[in-house]
Each structure stands twice: as C-alpha cells, then as structure tokens.
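The next block holds one structure in the form of structure tokens; read it before the comments.
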Number of protein chains: 2
Amino acid sequence: MIDNVVAPDQAASFSLAIDAMGGDDAPEIVVAGLDLAADRHPGARFLLFGDEARLTPLLARYKKAAQIAQIAHTTEAITMEMRPTSALRLRDSSLRMAITAVADGRARGVVSAGNSGALLALAKILLKTLPGISRPAMAAVNPSARGDVVMLDLGANISCDARNLVEFAVMGEAFSQAVLGLPAPRIGLLNVGVEELKGDERLRCAADALRASPLSAQFLGFVEGHDITAGTADVVVTDGFTGNIALKTGEGALKLAAQLLQQIFKTNLLTKIGYILVRPGLRRMREWIDPRQYNGAVFVGLNGIVVKSHGGADAEGFASAIDVAMDAVDNEVNKKIRSRLKQIQFLQEAPDTYESGAPTPD
Amino acid sequence: MIDNVVAPDQAASFSLAIDAMGGDDAPEIVVAGLDLAADRHPGARFLLFGDEARLTPLLARYKKAAQIAQIAHTTEAITMEMRPTSALRLRDSSLRMAITAVADGRARGVVSAGNSGALLALAKILLKTLPGISRPAMAAVNPSARGDVVMLDLGANISCDARNLVEFAVMGEAFSQAVLGLPAPRIGLLNVGVEELKGDERLRCAADALRASPLSAQFLGFVEGHDITAGTADVVVTDGFTGNIALKTGEGALKLAAQLLQQIFKTNLLTKIGYILVRPGLRRMREWIDPRQYNGAVFVGLNGIVVKSHGGADAEGFASAIDVAMDAVDNEVNKKIRSRLKQIQFLQEAPDTYESGAPTPD
C-alpha cells in the first residue's frame, strides 16, 4: 500500500483534498465514505491527508477507496473541541495540509468532517476570499415541499451588514446553479414579514440593492420562516446567527414529528399493522428528509471549494459531502460567482455606506 | 339585546376587554370564540368593543356569549393592513377603546385578533411598560418533546440588547409559572452553540448577568435551535427577529412533515387501510401540535395583560387566546414579574453599560 503515499512536494492534479482525521469517527468513516464515492465519481482522484500508519490498513480494507485515493502523511490532527486559535498553531495538521493542497493548486477543493471553526479560520487564511467578496458564508441544501432549497449563511458570520447579504445572494445563486442545476433560482431575503417596511435598515438596504441589480428578476423580496420549507424561494439569504438557528429549529421540528409518529405506530397491534402497510412510504419520506443526504455545507466565497461534513456523519453522509464538493468543482461555482459580481453595482460603488452591521430598532 | 350595551363611562369590573372588530373574520369569530369561552370561564365577565349594530344580532345567536359579555359600542375599526401610525390616529377604534378599558381599570386584560403592530403600539402608549421593564416582548407557548415551552421575544423587538434579554428571561419565567404552572422553569438563551464563547457580546453579557442573578439555578446557559422542540428548556429567550423566524420555521417544518405523511397515506389501498388503523393516534398528534391550541401570544411587560390572537384564528383558536389571557390574569403574571425584577441586580445597576443592541462580529 506504500504506493498510496504521496510526498508532500509532489505536484499532482487531484479533484479533492480530504481531511482524513476530522470528525467523530475519523479516519475510518472518511475512508468508508471514499469507498462509496469511488462508484459515483470513477474519474476523480483524491488526496487523503492524515496518519499514514492508520490510513494504510484502512485502504487495504476499503479497496475501492484505495483505487481513487493517495495518502499524504501528516503528523498532527485537530480535535473537535480545539479552539481555532490553538488549531491554527498546528503546522502539520491534516486539515491545514489539505487546505494547503487547494491553495497550492494540487486539489480543486477540500472536504473535512472536522472542527468547523478551525476549517473556516484556516480556509480564510490559506485560500483568501474571492475578489469582491468581503466574507465567506456557509451554504447548504435543505428539503422543502417544492424541492431543494439553498440557505446561507448558516453560521460563518454572526453579524452581517447589507453588503454581506447582497454577496450571499450572489453566492447562493451560483451555488444553486452549480449544485442543484437551477438556471435562474428565485432568491428570498429572510425577514419577520414580507412587507417592504419590515425588519431593519440593513435588510431594507440589501433588498433595495438586489431590486436594482441584474438579480432583480429572480429576487422575490422578503420571505418568512415558514417559506423555507414551503419552497417559496430556491435560495434563502440571511445572516449566520439567524440562519444557524433557523436550520437547527427546522431540523428539531422534523425530529419531533418523527418521534410523535413513532409513538403513534407503537400504540397497539392495529397501529403496528398500520405501520407495516405504510412502511415503504415512510422509508421514502425518511430518505427524502434524511440529514445524511443533505450533508455537506459549503463555505462559499473562497478561492477554492471548501466543504464541511457533519462531524457525526456516517460513510453515506461523508459520501454526500463529497458529492456536493464534486458538483461545486465540476460546475465551477466560483467562476459563476465572479462573473455575477462584476454585474452588481452595489458591490462596486460606495460599499462603505452600508458597512454597519448593527440592526436599527424597529 | 340592548341590555348588553354598556355606556363608556359606566365603571364595571370585567375580566377581559375584547376587541370584537379585529381579525380576518371579525366580529363573528370573536363572538363564537366567546361562546366557547363561556363554558370554560363561567364566572368571567367580558366587555366587548365594536359595532353594536353588528354585535347585537351575533349575541342573539350565540346565547352563551351573551350571558358573559356586554357590548361597548365603538364607531371605528383598525384593518389588518393599516400601518400603526394611521391606526393610532383613530380615536374611537374598538382596539383603542378595549386597551383603554384596561388602562382605566375596568378590565384586567385585553384580547385582540387584529393588527399586531397597532395592538403593540397602542398598548405601549396606553398601558406603559411595567416599572423596571424597558421593552415589552411577545411570548407564546409551543409544543416540544418534553411538554410546553415558552418562547420570547417572537417579534415585538427587532433588535435587543443584553438588558432586554435579561428582562425577557424574567418575564418568561413569570409567564411559564402563571400559564403553565411550572414552579421553577428552566431558562435557556438561544444561540448558535452551547459553549460560553459562542454568539456575540450581547448574548455573553446577558448570560453572565443571568448566572449572577437569583435565576442562576434555573439558567441552563445557551441553547440551540433544535433545543426548542427537544424541550431542553422551559423558557427560550431570544431577540424578536430570531424568535419570529425560529417560530415560523418550526411551524413550517411541521407542516412539511404533515404534507409528506398525507401523500404517503394516499399512495394506494394498503396505505389507505394503514391510515385508518393509525387515524386515532394521528388525530391526537394533530391536536397536540395544533397551532389553534397554541393560539394566543402575550405582550408581556405592560401594565395589564395583552393577548394577541392569530388574525386567521377560528372560534376554537380565539377561545384558546382567551384561556391564555385568563390564566395570565388569574395567576398574576405581572405581580410575579415585579417581585422577580426587584431581585435582579443587573437591571438596577448601571443599565447603560449594556445599552448597545449591536451584535459584535465573531
């Protein structure tokens, strides 16, 4: 298996760099996920960063993974609990080296199930933001009654100003086009009401800028919390604080519904028979809203594709995160962002006018 | 039915003043809701503000409502679309006169299914906030896996500072004690993570103040979006922007789950039989998470109980809003808030230190 080890300075063209040591059950889950990805992306090549002594026997077991992956040995790993400032100090962590491979042009994107804060901090430092983007955002796909919806920011930025929100709209459009294949996604700005006067100055200012931009035909204006799962918009734009809480609240509500259903089906013999009759449909429903299927949040707005898998993801979940990264790489999400940015006046003129992130009182 | 008309200057002691003209299907739904409330609150007396010519025939039809309600004639009504500034100009609106009845001591609380913005604006002006409270908040009860959870603010304040959040915790505790009967509700502050360093300065400052307060034993620290439906806390405290979006996102997710279930049960003959077998349980589940049952958001922190029913509520929903108002009145939520406020150092000392509502970048 020594053939799978690549020297750090060996230039090569890889689809993705993979942080093998990040996540609750790394590195086994990561290698098992690669094994699943091998069937879906037969032409892809992956550069696997981590402890060679642990990865070599895993690749011996997961033979399909071994065919598409090469090991790049690293001596350190960032734990899930480590603070970003401590994580940054490690010079040879699997995460840092995987991101470095993207910065060096050896890989086009990176996937990690590790520490989110460290991933974002290292990606910002090593890859830098795209020209014209002030802050990267965390974007992911969520289920709705009318198909998949892209939501961003999901937590990369606790506070955002109007300019950030407009940038998120641009990045969300490109992400939706690249990953979901929608030619002209409809964009909504998350607010407490749909009327133009709702929310704060920051939201009204971002809405005005989008209405005056080339995105105007796709811009629906303000949308509300229930619009996320209703699928009113294809892209839901919000600040990282609200987005993170909305995402987790929606997941929690679906979990509550599932728990209640389970209780109902367990009530007595008749309900158990009822369960057997509807089981195939329930299985489809579960698959459809399965968080594993939606695993893989992307930090958009950086010079390179950066995908965060859930730390507790299983092999199937990690493979989904690889799917997202491959879609973003293959469909050139960053090229789409750059060309759209050039068209938006708001982001070229007088950005300082809108720098305040402070919401005004209603 | 002329006996049901009370002259505006006639002093009387009423449990609640009711805005008969507010809501999508007012005044009929309001009177029908009172009819249901008559059985649940036989000793209560209601003062019904609205157009006598329309209310008199309704009370003739809803005989139980007629037994507990008296009409107070008003000549104007605030529409759902009216902006608060326009609504404030109407001197004889049913909403204004109903709130005035509370301000005058003729009624102990008010219930309206009308314009939320106008209700909040008029209530602030006519009732004023409780001593020691800087801003009222909108609170409501929501379902969770471990029982009912109080959440506030749900939209009264788009931006909030640390002081506001601490006040919301105090008001949420009193609301939970009065309406849900919990002696020592556990309080959580909504954030993007549970670690002490998460969120912005405003949240960390509010958390520090609560840890140093007599509420410390009940304070769980930060909770996340999924904790709302998990029932981790009995009271979830957040700003009005986030709270409004979290509430609607959770409702939307439950609606999505219900739609998916409906599709599954309709698939074929077997699934239809399955539906019949689990129908009683599904009905209980639907009742349990029925938004009508949770109708009735309270504007807490004012000198008087102010309850907002959903504008589209039916008679059952309006009756639930009356239940909430009666619980708040009977269990003296405001007395509980006042006595707790006296114990909180943070709110008496140096409030100016924490006045900034601006979140800091992470």
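For B:141-153, what's the mean count of beta carbons from other chains sitting within 10 Å of each residue's beta carbon? Walk me through the numbers before you get to the answer.
Working: counts 0, 1, 3, 3, 5, 0, 0, 0, 0, 0, 0, 0, 0.
Mean partner shielding for this stretch: 1.
List, in the order given, every pair from A:K63/A:K308; A:K63/A:K336; B:K64/B:K266; A:K272/B:K255; A:K128/B:K198; A:K63/A:K335 whose Cα-Cα distance in the structure shown is over 30 Å.
Working: A:K63/A:K308 25 Å; A:K63/A:K336 36 Å; B:K64/B:K266 41 Å; A:K272/B:K255 24 Å; A:K128/B:K198 24 Å; A:K63/A:K335 35 Å.
Going by Cα-Cα distance, A:K63/A:K336; B:K64/B:K266; A:K63/A:K335 fall outside the 30 Å limit.
Of the peptides B:13-19, B:338-344, the ranking by mean beta-carbon count within 10 Å, highest at the top, reads B:13-19, B:338-344. The fewest-to-most ranking of B:M326, B:M138 by surrounding Cβ atoms within 10 Å reads B:M326, B:M138.
Placing unit charges on each Cβ (+1 for Lys and Arg, -1 for Asp and Glu) gives chain A a dipole about its Cα centre, and among A:F299, A:T85, A:A184 the Cα reaching farthest toward its positive end belongs to A:A184.
Please figure out what share of the DSSP beta bridges in the protein assembly as shown is antiparallel and state it in percent, rounded to the nearest 5. Provide the component values of the computation, followed by the final result.
Numbers: 22 of 82 bridges.
Roughly 25 percent of the DSSP beta bridges within the protein assembly as shown come out antiparallel.
Counting every other Cβ atom within 10 Å of each residue's Cβ, A:D39, A:D200, B:D104 order from fewest to most as A:D39, B:D104, A:D200.
Among B:109-121, A:176-188, the peptide with the highest mean count of other Cβ atoms within 10 Å heads the list, and the full ranking is B:109-121, A:176-188.
The other copies place their B:E201 label points at 1.8 nm from this one, listed shortest first, where each point is 7 Å from Cα along Cα→Cβ. Would you kindly give the portion of the calculated P(r) for segment A:170-219 that falls above 16 Å, as a percent of all Cα pairs? Tail fraction, whole percent: 43.
Using only alpha carbon pairs under 8 Å that are at least six residues apart, calculate the relative contact order of chain B and give it in whole percent.
Values: 747 pairs, mean separation 80.4, N = 362.
Contact order relative to length: 22 percent.
Volume of the convex hull of chain A (Cα atoms only), normalised per residue: 154 Å³.
Order by neighbour count: B:F222, A:F49, fewest other Cβ atoms within 10 Å first, most last. Intermediate values should be presented prior to the final figure.
Numbers: B:F222 20, A:F49 34.
Fewest to most other Cβ atoms nearby, the residues stand as B:F222, A:F49.
Among beta bridges from DSSP that stay inside segment B:91-229, the antiparallel ones total about 50%.
Other chains' Cβ within 10 Å of A:258-270 residues: what's the mean? Before the final figure, lay out each step's value.
Values: counts 1, 3, 11, 6, 0, 3, 8, 4, 1, 5, 4, 1, 6.
Mean partner shielding for this stretch: 4.
Comparing B:L210, B:I18, B:T238 along the charge dipole axis of chain B, the residue lying farthest to the positive side is B:I18, per the Cβ-charge model.
With both labels modelled 7 Å from their Cα along Cα-to-Cβ, the A:S216 to A:D330 distance reads 3.7 nm. Taking Cα centre as origin and charging only the Cβ of basic (Lys, Arg, +1) and acidic (Asp, Glu, -1) residues, the dipole magnitude of the protein assembly as shown rounds to 1280 debye. Sorted shortest first, the distances from the A:Q343 label point to those of the same residue in the other copies are 6.0 nm; each point sits 7 Å from Cα along Cα-to-Cβ. Here is how far apart the A:G311 label points are across copies: 4.3 nm, shortest first, using a point 7 Å from Cα toward Cβ. Here the protein assembly as shown has an Rg and Dmax of 27.9, 97 Å, counting Cα atoms alone. Rounded to the nearest 20, the Cβ-based charge dipole of chain B about its Cα centre (Lys and Arg +1, Asp and Glu -1) stands at 660 debye.
What Kirkwood radius, in Å to one decimal, follows from the Cα pairs of segment A:128-206? Present the calculation step by step, with values, prior to reporting the outcome.
Numbers: mean 1/r = 0.0739 Å⁻¹.
Evaluated on segment A:128-206, it is 13.5 Å.
Size of the dipole of segment A:248-341 about the Cα centre, Lys and Arg at +1 and Asp and Glu at -1 on the beta carbon, nothing else charged, in debye to 20? Working shown, then result.
Values: 14 positive and 9 negative charges, 71 e Å.
Computed about the Cα centre, the dipole is about 340 debye.
A P(r) calculated from all alpha carbon pairs of segment B:2-127, with 10 Å bins opening at zero, reads 15, 50, 31, 4 percent. Each stretch of four or more DSSP H residues adds -39500 (n - 2.57); spread over every residue of chain B, this sum gives -14000 deg cm²/dmol at 222 nm.
Here segment B:179-202 is scanned for amide nitrogen atoms under 11 Å from the site 7 Å beyond the Cα of B:R146 along Cα-to-Cβ, giving B:186-188.
Just so you know, all these numbers are worked out from the coordinates, no wet-lab data involved. None of these values were measured; they are calculated from a predicted model. Note: ideal-geometry Cβ built from the backbone for every residue, glycine included; neighbour counts use all protein chains shown.
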